1. Given a cut-off of under 8 Å on Cα pairs at least six residues apart, what relative contact order in percent is computed for region 27-99?
2. Where nothing but the Cβ of Lys and Arg (+1) and of Asp and Glu (-1) is charged, how large is the charge dipole of region 27-99 around its Cα centre, in debye to the nearest 20?
3. With θ taken as phi - 60° and the coefficients 6.51, -1.76 and 1.60, list the Karplus ³J(HN,Hα) couplings across region 31-43 in order, rounded to whole Hz; mark glycine and proline as x.
4. Please work out how many pairs of lysine residues in region 27-99 are eight or more positions apart (or on different chains) and have Cα atoms closer than 16 angstrom.
5. Can you give the local net charge around GLN38? Use residues other than it whose beta-carbon is closer than 12 angstrom to its beta-carbon, Lys and Arg +1, Asp and Glu -1.
Amino acid sequence: MSTQPRRKRAAARGTRRWSAQVTEHSDALDLERDVFKQTSPRRIARSLMQSAQKSRRRKSEPFRSAMSMLTFYINRAGKNLSKKQLAILDRAKNELRLAFRQPKPKEPKR
């Protein structure tokens, strides 16, 4: 067994990250190619909405599936995203709420 940490061995082999696999081959949603690379928050939200509504494999309602996938992508790719793209994806969350007519989340108390 190698003495290298697991992360370095995987990188040395050139394997892809599990999060990329989830995004591409999600069992819940069939996503449009490069949906998270788009520059329009509204287009991202509409694409996620359509994917969630079409899917018959999802485990929860369409809004939760779509928001879950968007949040998953932001959390897993966040450190590699530009500030501009991260802001677009954050605005896409609001667009997704609007598209599904969901209320804005409450601000945490301080």
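1. 42 percent
2. On the way: 18 positive and 7 negative charges, 17 e Å.
Charge dipole, region 27-99, about its Cα centre: 80 debye, nearest 20.
3. 7, 5, 4, 6, 4, 7, 9, 5, 9, 9, x, 5, 5
4. Details: LYS37/LYS79; LYS37/LYS83; LYS37/LYS84; LYS37/LYS93; LYS83/LYS93; LYS84/LYS93.
Total qualifying Lys-Lys pairs in region 27-99 comes to 6.
5. +3
No value in this document is a laboratory result; all are computed from the given coordinates. Note that the coordinates shown come from a computational prediction; the quantities given were computed from them, not determined experimentally. Cβ atoms come from the backbone with ideal geometry, glycine included; neighbour counts cover every protein chain shown.
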